[in-house]
2 protein chains.
Amino acid sequence: MGRWAPDARGRLHQAAMELYTEHGYDGTTTADIAERAGLSERTYFRHFADKREVLFDSTDALQTLVLDGIAGADPAAAPLDAAAAGLGDGAALLQSFGQGPRHRAAVVAAHAELRERELAKMATLAQAVAGMLVARGSAEASAALTAETAVAVFRVAFDRWVADPDGPALPDVLAACFAELREVSARGR
Amino acid sequence: MGRWAPDARGRLHQAAMELYTEHGYDGTTTADIAERAGLSERTYFRHFADKREVLFDSTDALQTLVLDGIAGADPAAAPLDAAAAGLGDGAALLQSFGQGPRHRAAVVAAHAELRERELAKMATLAQAVAGMLVARGSAEASAALTAETAVAVFRVAFDRWVADPDGPALPDVLAACFAELREVSARGR
DNA sequence: ACGCTCATGTCAGCGACTGTCATCAGTAGG
DNA sequence: CCTACTGATGACAGTCGCTGACATGAGCGT
């Protein structure tokens, strides 16, 4: 047994989710979060860079999984297919958390600052995906376009999945969205 | 002649661009900006919601132009083509400002908070584009996918244009990116 | 027993942002 | 010409996000 209660980060995350849900993001101070977690406000900022970041701890794991999925994809697969495969792994991870991601998404959606941060995280993911595509042999420019497109599709799929709790599993929604992308972009000229 | 010097918003924008360029975003306080514009800090916050928003006044005009372009597109055109046309109008607007957008992009790129806000503005644009596509007859879900994809392509095109000052005009870069999207998404299966 | 580590607490302070009230040139109405 | 009203602004106090600096003390190796 350590000197301090274990998993301070986890307790802060838990406290933040509860308080943002109960009193809203604006109605919660970082001191409130720290207090519920049994820590000082200063310690909160040793674990998380700002008031928003406490909700985005899991995105690192998601990103790692997605990148691994791309790295493990068939080397002969087209870049967009490789990206889709990696994002499919990420979708499966989120699906495995049940309603958790939906609850978190509702909290994030409720405040502009949190939505902004989520977009920034997705942008980071897109950049990392592009990097993996380059590692697979894509040209830099083409990789960026493919990655940004793929991540945009992922976001749309996630939004659809959140909006329809009785619908298909996230990986299936994602696959459907990629199929739709091909249709949409094949039309015209 | 009014009681106050005219165009307070414009002066604040000018002052912010200068100061963010000279001393960086972190090295500039809102009080600094207000002082250079000949106003009080309190008045700054009457014109702009926060320290970031002062750089994003022009995105409203861009959005309006893009939406008008979509509204005026051939009703028979495919949704993605209509979105591309509207975004092409927006690209032409930015191109007409010469190096201005590149300078602004450099300032935005220099700080994470500004990049976040830019992403948020693009997300707003994507939502508005989706709305216009629905108004043209697209289904809600399909419109969201098309709009998010099209705006992602726009962002990639803008980044390429910024990175290559001696390259082709933005509308041409954008058209090339849309062509590339069709290639990329046609490959595989 | 000694010193080192390292997560934490405490405190002071800056800067972003807000609510509130006062000011006063211009303008409309009588 | 006086008066009331408007609307952009200034002044001031206060909250909160966030940071730097220093202190504390249990655990751990030596």
For this session: Using only atoms on other chains, find how many Cβ atoms lie within 10 Å of each Cβ of peptide A:153-159 and report the average.
Result: 4
Problem set entry | Along principal axes, Cα extents of the stretch B:69-162, largest first, whole Å | 40, 26, 16
For this session: Would you mind giving the average projected area, over all directions, of the Cα convex hull of the stretch A:8-54 in nm² with one decimal?
Result: 2.5
For this session: Grab the beta carbon distance between A:Ser40 and A:Glu18, set R0 = 22 Å, and tell me the FRET efficiency rounded to 0.05.
Result: 0.75
Exercise. Where does helix B:100-109 land angle-wise versus the long Cα axis of chain B, in degrees 0 to 90, nearest 10?
Worked result: 80
Problem set entry | Gaussian network model of chain B, springs between alpha carbon atoms under 10 Å - residue of B:Gly90, B:Gly100, B:Gly131 with greatest fluctuation | B:Gly100
Exercise. Chains A and B: buried accessible surface, both sides, probe 1.4 Å, rounded to 100 Å²?
Worked result: 2700
Exercise. For helix B:112-135, what angle does its Cα long axis make with the longest principal axis of chain B, in degrees from 0 to 90 and rounded to 10?
Worked result: 40
For this session: Report the label-to-label distance for B:Glu113 and B:Ala5 in nanometres (one decimal), using points 7 Å from each Cα along the Cα→Cβ vector.
Result: 2.4
Problem set entry | Taking only Cα atoms of the stretch A:1-109, radius of gyration then Dmax in Å | 17.4, 53
Exercise. So what is the accessible area of the protein assembly as shown per residue, in Å², with the probe set to 1.4 Å?
Worked result: 47
Exercise. So what's the convex hull volume per residue for the Cα atoms of the stretch B:107-189, in Å³?
Worked result: 125
Exercise. When the solvent-accessible surface of protein heavy atoms is calculated with a 1.4 angstrom probe, in what order do A:His13, A:His111 fall, highest first?
Worked result: A:His13, A:His111
Exercise. When each copy gets a label point 7 Å from Cα toward the beta-carbon at A:Asp50, what are the spacings between them in nm, shortest first?
Worked result: 0.6
For this session: Along Cα→Cβ, 7 Å out, is where each label goes; now give me the distance between the ones at A:Glu140 and B:Asp60 in nm to one decimal.
Result: 3.7
Seminar exercise, completed: Carbon/sulfur accessible area of the protein assembly as shown, % of total, 1.4 Å probe, equals 55
Seminar exercise, completed: Expressed as a whole number, the average count of other chain Cβ atoms within 10 Å around the Cβ atoms of B:113-126 is 4
Exercise. Over the protein assembly as shown, with a single point scatterer placed on each C-alpha, what log10 of the ratio I(q)/I(0) does the Debye formula yield at q = 0.07, 0.15 1/Å?
Worked result: -0.35, -1.43
Problem set entry | Solution diffusion estimate, µm²/s, Stokes-Einstein, chain B, Kirkwood Rh from C-alpha pairs, 20 °C, viscosity 1.002 mPa s | 119
Problem set entry | List of the stretch A:134-152 residues, accessible area with partners at least 40 Å² below that of the chain alone (1.4 Å probe) | A:Leu145, A:Glu148, A:Thr149
Exercise. Where in the stretch A:1-71 are there chymotrypsin sites (Phe, Trp or Tyr not before Pro) that are in a DSSP coil and have at most 13 other Cβ atoms within 10 angstrom of their Cβ?
Worked result: A:Trp4
For this session: Measure nothing fancy, just the Cα-based angle from helix B:8-23's long axis to the longest principal axis of chain B, in degrees from 0 to 90, nearest 10.
Result: 90
Problem set entry | Listed residues B:Ala110, B:Ala179, B:Ala143, most fluctuating in chain B (Gaussian network, C-alpha, under 10 Å) | B:Ala179
Problem set entry | Inter-copy label distances at B:Pro75 (7 Å, Cα→Cβ; nm, one decimal) | 5.4
Exercise. GNM, chain A, Cα, under 10 Å: largest mean-square fluctuation among A:Pro101, A:Pro171, A:Pro75?
Worked result: A:Pro75
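The values are calculated or read from the model by the stated rules, or taken from the named source; none is laboratory data. Just so you know, these numbers come straight off a predicted model, no measurement behind them. FYI the Cβ positions are ideal-geometry reconstructions off the backbone, even for glycines, and counts take in every protein chain you see. The area values use the complete protein model at the heavy-atom level, side chains included, leaving out ligands, DNA and RNA. Shrake-Rupley method; radii C 1.70, N 1.55, O 1.52, S 1.80 Å.
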